[in-house]
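Engineer: Got a structure for you, questions after.
The values are calculated or read from the model by the stated rules, or taken from the named source; none is laboratory data. Every value quoted in this text rests on a predicted model; they were computed, and no experiment measured them. Reconstructed Cβ throughout: ideal geometry from the backbone, glycine too, with neighbour counts over all protein chains shown.
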Amino acid sequence: MNQNLNVVMGQTYVRNFTLGRSGSISGRVQFGGSGLQNVNVNAWSMSGGFGWTQTDINGNYSITGLSNGTYEVRVDPPYGSTYTSMQIQGIVVITGQDTPGVNFVLSTGSSISGRVTSDGQGIAYASIDAMGRSGGWGWGQTDINGNYTITGLQNGIYDVRVNPPFGSSYSNAERRDISVEGDVTGIDFILGSAGSISGRVTNDAAEGISNVNINAWSMQGGNGWAQTDINGNFTISGLRDGTYDVEAQAPQGSVYASRQDEWDHGKRWQHNQSQLFAFWRRGNIRKSSRYQRRRNSEC
């Protein structure tokens with residue numbers, strides 16, 4: 001509940017609030033007649049209501065504190081299990097009432113597996129994301145030999161993306177339109193050497209600005225992030241080939257403005273130049289290359 005209140009210095013005002021009872025959603029998550037424990041249950045509505053809970057030892061759950069609205073409810077099984085996620089739409093919540101019987105019966109899902117290598121050697125601790133076109137999602141991580149398996153997937157068409165270990169010199173990679181029905185094997189990735197973007201962020205007095213978030217992304221799927229050090233310097237590594245937009249986000253609460261512009265086709269990128277970044281623009285990244293701008297970047 002919101003109330004408009006004008007405050008005048010030196011005066012004290014009293015405004016009281018009376019809160020009504022909230023609604024709730026409850027149910028059970030099971031497989032093969034047995035309740036599933038530690039399943040995450042999320043509920044959200046287009047009108048802004050949301051809630052979260054986790055199933056108990058018998059698979060029961062109750063999400064309380066919900067406002068009036070029509071909700072979607074999604075269950076995500078514990079990480080590493082073979083069960084699929086599931087979602088139900090159109091659950092109506094009324095203030096002061098429980099909406100019971102929103103139950104889920106999960107099934108065992110499909111899987112994607114493969115290996116991530118570079119020059120024939122497995123890459124450990126790479127993150128693998130699988131994003132389904134119809135809402136399925138899964139995540140895995142490579143073992144010491146570069147092998148991975150993502151379980152609990154709904155059948156459908158997936159895009160699979162590899163992000164190398166943080167701080168490594170490998171580029172990320174992606175395979176699209178993977179048809180999943182059952183266990184899909186042999187979704188392998190060979191990572192190449194990555195490019196990088198580096199530079200410096202300064203104010204109009206040429207003083208370095210620390211703790212500025214620098215984001216780089218391309219329409220070809222590459223992305224990276226870094227933060228400036230105490231002198232305003234940054235390096236974003238692990239970038240695949242592509243044309244990038246680079247943005248500097250000023251520190252929270254600072255007097256500086258964030259900067260982002262476009263720069264067509266990288267005609268002014270300088271290869272292996274020890275220079276300073278100018279305006280945030282678009283440029284081409286090539287493998288095993290380090291790119292920097294020639295003018296100071298002013299936030």
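Engineer: Look at segment 84-128 and say how many of its residues are farther than 30 Å from ALA173 by Cα and touching an Asp or Glu at 6+ places or on another chain (Cβ under 9 Å).
Structural biologist: So the answer is 4.
Engineer: Within segment 189-201, track down each residue that is assigned to a strand (DSSP E or B) and either surrounded by fewer than 19 Cβ atoms within 10 Å (Cβ to Cβ) or touching an Asp or Glu at 6+ places or on another chain (Cβ under 6 Å) (or both).
Structural biologist: Matches in segment 189-201: ILE190, SER193.
Engineer: Hey, another quick one. Which residue is surrounded by the fewest Cβ atoms within 10 Å (Cβ to Cβ), if the candidates are limited to segment 37-67 and must be within 15 Å of ASN103 (Cβ to Cβ) and in contact with a Lys or Arg (Cβ under 9 Å, 6 or more places away or on another chain)?
Structural biologist: Here the residue is ASN58.
Engineer: Related question: Right, TRP217: in a strand (DSSP E or B) and either β-branched (Val, Ile, Thr) or exposed (fewer than 15 other Cβ atoms within 10 Å of the Cβ) (or both) or not? Steps first, answer last, please.
Structural biologist: On the way: in a strand (DSSP E or B): yes; either β-branched (Val, Ile, Thr) or exposed (fewer than 15 other Cβ atoms within 10 Å of the Cβ) (or both): no.
The answer is no for TRP217.
Engineer: Pull out all pairs, ordered by first then second residue, where Cβ-Cβ is under 6 Å, the residues are six or more apart or on different chains, the first lies in segment 116-138 and is modelled with pLDDT of 90 or more, and the second is of a type in the set (A, V, I, L, M) and assigned to a loop (DSSP other than H, G, I, E, B).
Structural biologist: Between residues of segment 116-138 that are modelled with pLDDT of 90 or more and residues that are of a type in the set (A, V, I, L, M) and assigned to a loop (DSSP other than H, G, I, E, B), the close pairs are VAL116/ILE123; VAL116/ALA126; SER118/LEU191; ALA124/ILE144.
Engineer: Just to check your reading of the model, which residue among GLY238, GLY167, GLY186 is within 30 Å of GLY132 (Cβ to Cβ), out of contact with any Asp or Glu (no Cβ under 8 Å at 6 or more places or on another chain) and not in a loop (DSSP other than H, G, I, E, B)?
Structural biologist: GLY238
Engineer: Here's another thing I want to ask about it. For residues in segment 150-160 being out of contact with any Lys or Arg (no Cβ under 7 Å at 6 or more places or on another chain) and buried (at least 17 other Cβ atoms within 10 Å of the Cβ), which is farthest from GLN227 (Cα to Cα)?
Structural biologist: Across segment 150-160, the extreme among qualifying residues is GLN154.
Engineer: Restricting attention to segment 140-164, which residues are within 22 Å of VAL105 (Cα to Cα) and part of a strand (DSSP E or B)?
Structural biologist: ILE150, THR151, GLY152, LEU153, GLY156
Engineer: Within segment 245-263, does at least one residue satisfy the condition of being touching a strand residue (DSSP E or B) at 6+ places or on another chain (Cβ under 9 Å), at pLDDT 75 or above and closer than 30 Å to GLY120 by Cβ?
Structural biologist: No, the conditions are met nowhere in segment 245-263.
Listed here are the residues, each with its yes/no results for (1) in contact (Cβ under 8 Å) with a residue 60 or more places away in the chain; (2) in a loop (DSSP other than H, G, I, E, B); (3) among the charged types (D, E, K, R); (4) outside the structural domain of ILE157 (by TED's automatic domain parsing).
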site: VAL7; (1), (2), (3), (4): no, yes, no, yes
site: GLN11; (1), (2), (3), (4): no, yes, no, yes
site: VAL14; (1), (2), (3), (4): no, yes, no, yes
site: GLY27; (1), (2), (3), (4): yes, no, no, yes
site: VAL41; (1), (2), (3), (4): no, no, no, yes
site: THR53; (1), (2), (3), (4): no, no, no, yes
site: VAL75; (1), (2), (3), (4): no, no, no, yes
site: GLY101; (1), (2), (3), (4): yes, yes, no, yes
site: GLY114; (1), (2), (3), (4): yes, no, no, no
